[in-house]
Amino acid sequence: MEQNKRFATKIIRASAYPDSFGAINIPVYRNAAFEFEDSESMAAAFQYRYDRHTYSRISNPTVSNFEAKLKAASGAETVMSFASGMAAITGTLLTIARAGKNIVSSPHLFGNTLSLLRFTLQEFGIETRFVNTDHLDEIAAAIDDNTCAFFAEIITNPHLEIANLPEISKILKEKNVPMVIDTTVVPWCGYDAEMCGIDIEVVSTTKYISGGATGIGGAVVDYGRFDWKRNPKLSAVPKPKGMSRFMFKLRSEIARNLGACITPDTSWMHSLGLETLQIRYEKMSANAHTLAQFLCNCEQATKVNYPNLDNAPYKKISDLIFNGNPGAMLTFHLPDKVACFRFMDRLKIIRRATNLFDNKTLVIHPESTIYGTFGKEMKELAGVSPTLIRLSAGLEDANDLIDDVKQALE
């Protein structure tokens with residue numbers, strides 16, 4: 001019956017536990033350990049023979065409730081939450097990859113994700129082969145017998161490029177490579193993961209999900225469609241009922257050893273934010289489209305990019321995947337870095353901050369901040385320009401945002 005409910009209803013109704021007192025919201029279980037009735041049940045819980053919480057680094061009732069809501073929102077088989085989106089990405093790739101294996105990815109990624117692939121994982125013997133995801137033949141040519149994953153962002157941040165995931169999925173299925181996608185920039189009400197061919201998603205719940213940037217969090221979403229028996233690292237891993245080999249390895253080993261657990265307080269706040277996700281997403285996206293259209297008519301701004309603009313380079317694939325609603329991030333260029341800083345410093349309503357999809361509209365100069373510690377070679381690989389401004393539309397009145405941008409440009 002619940003499966004027939006629509007997006008917002010499923011999220012609001014989803015819960016891991018009924019409350020004996022009739023409370024509508026699950027409490028915050030702000031504790032570390034859980035007591036057992038006897039020694040045998042305690043041992044059984046630690047050995048996965050008894051489904052009970054043992055220690056909040058491993059699981060917690062408030063966290064499990066948040067994961068139940070994420071599962072309802074995504075339609076996934078299993079979900080695991082993390083302390084941040086970067087922790088979710090790291091946990092996922094360490095679960096799949098090992099020394100001698102390679103990952104095929106676009107280099108146009110969020111700064112820390114690019115750094116993880118280019119430097120951190122490489123030091124552990126995991127190669128990343130960077131390709132232009134617009135060219136399907138380049139992706140196919142980069143894959144070999146040691147390729148353990150294809151990784152990309154559903155819309156690249158801040159480039160706003162959109163890979164043709166349905167077509168890429170066909171290549172990956174032929175070569176038995178899982179598709180791992182960072183879907184932070186568009187929430188689940190905005191696309192169909194199965195149509196895109198996505199196997200594993202990584203998400204920063206700090207963004208749309210939290211509802212007002214109430215805390216840092218992340219999640220790994222497993223749709224249970226990939227056959228991990230053909231992955232050398234996971235073929236011998238047990239497969240419990242209702243959980244893939246990938247998720248069992250992630251939960252029972254990688255996440256425990258990394259220790260990057262989300263807090264009960266953050267889980268509670270993100271659960272509350274998740275319930276209003278769809279209505280906020282629609283308002284933010286509408287504001288982004290309105291601002292992009294306004295900027296197109298400003299002579300000071302050039303190369304205005306929002307995937308739903310008629311002249312946007314990825315408009316066709318955006319319409320296919322996102323049904324004309326590609327989220328709340330837009331970019332534009334000013335003549336030089338000095339002009340970018342001058343524009344940002346004159347803003348009165350829009351905030352200078354690094355997050356995305358807060359309730360407040362935010363602006364940032366990516367080249368000097370997110371990619372600011374990169375050298376020239378890495379900035380060129382990342383594809384960021386010193387003239388680029390990234391704007392994340394919030395929930396303010398669109399006319400007030402236009403007035404603020406207008407006075408700052410003038």
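The values are calculated or read from the model by the stated rules, or taken from the named source; none is laboratory data. In this text, all values refer to a predicted model and were calculated from it rather than measured experimentally. Counting neighbours? That spans all protein chains shown, and the Cβs are built from the backbone with ideal geometry, glycine included.
Residues that are surrounded by 22 or more Cβ atoms within 10 Å (Cβ to Cβ), β-branched (Val, Ile, Thr) and touching a Ser or Thr at 6+ places or on another chain (Cβ under 7 Å) occur in region 218-239; there is at least one. If only residues of region 37-56 that are part of a loop (DSSP other than H, G, I, E, B) and under 23 Å from PRO264 (Cα atoms) are counted, the one that is modelled with the lowest pLDDT is TYR48.
Only one of (1) surrounded by fewer than 23 Cβ atoms within 10 Å (Cβ to Cβ); (2) in the same structural domain as SER56 (by TED's automatic domain parsing) fails for ALA286. Which number is that? It fails just one condition, (2).
Evaluation of MET243 against the conditions (1) over 20 Å from the mean Cα position of the chain (by Cα); (2) of a type in the set (A, V, I, L, M, F, W, C); (3) closer than 30 Å to ALA398 by Cβ shows that the sole unmet condition is (3). For region 84-100, a residue qualifies if it is touching a Lys or Arg at 6+ places or on another chain (Cβ under 9 Å) and assigned to a helix (DSSP H, G or I), and the qualifying residues are GLY85, THR95, ILE96. Within the set ASP144, ASP222, ASP182, the sole residue that is in contact (Cβ under 8 Å) with a residue 40 or more places away in the chain and over 16 Å from the mean Cα position of the chain (by Cα) turns out to be ASP144. Of the helices (runs of 4 or more DSSP H) contained entirely in region 266-360, not one carries at least 1 residues that are at pLDDT below 95 and in contact with a Ser or Thr (Cβ under 8 Å, 6 or more places away or on another chain). Scanning region 299-332 for residues that are of a type in the set (Val, Ile, Thr) and either surrounded by fewer than 20 Cβ atoms within 10 Å (Cβ to Cβ) or under 17 Å from ASP134 (Cβ atoms) (or both) yields THR302, ILE317, ILE321.
Looking only at residues in region 361-387 that are of a type in the set (Val, Ile, Thr) and part of a loop (DSSP other than H, G, I, E, B), the one that is surrounded by the fewest Cβ atoms within 10 Å (Cβ to Cβ) is THR373. Starting from residues that are among the small types (Gly, Ala, Ser) and outside any helix (DSSP H, G or I), keep the ones in region 72-83 and report whichever is surrounded by the most Cβ atoms within 10 Å (Cβ to Cβ). The qualifying residue surrounded by the most Cβ atoms within 10 Å (Cβ to Cβ) is SER81. Note on region 8-36: among residues that are modelled with pLDDT of 85 or more and among the charged types (D, E, K, R), the one that is farthest from SER56 (Cα to Cα) is LYS10. Scanning region 388-410 for residues that are in a loop (DSSP other than H, G, I, E, B) and either farther than 25 Å from MET284 by Cβ or among the hydrophobic types (A, V, I, L, M, F, W, C) (or both) returns ALA393, LEU395, GLU410.
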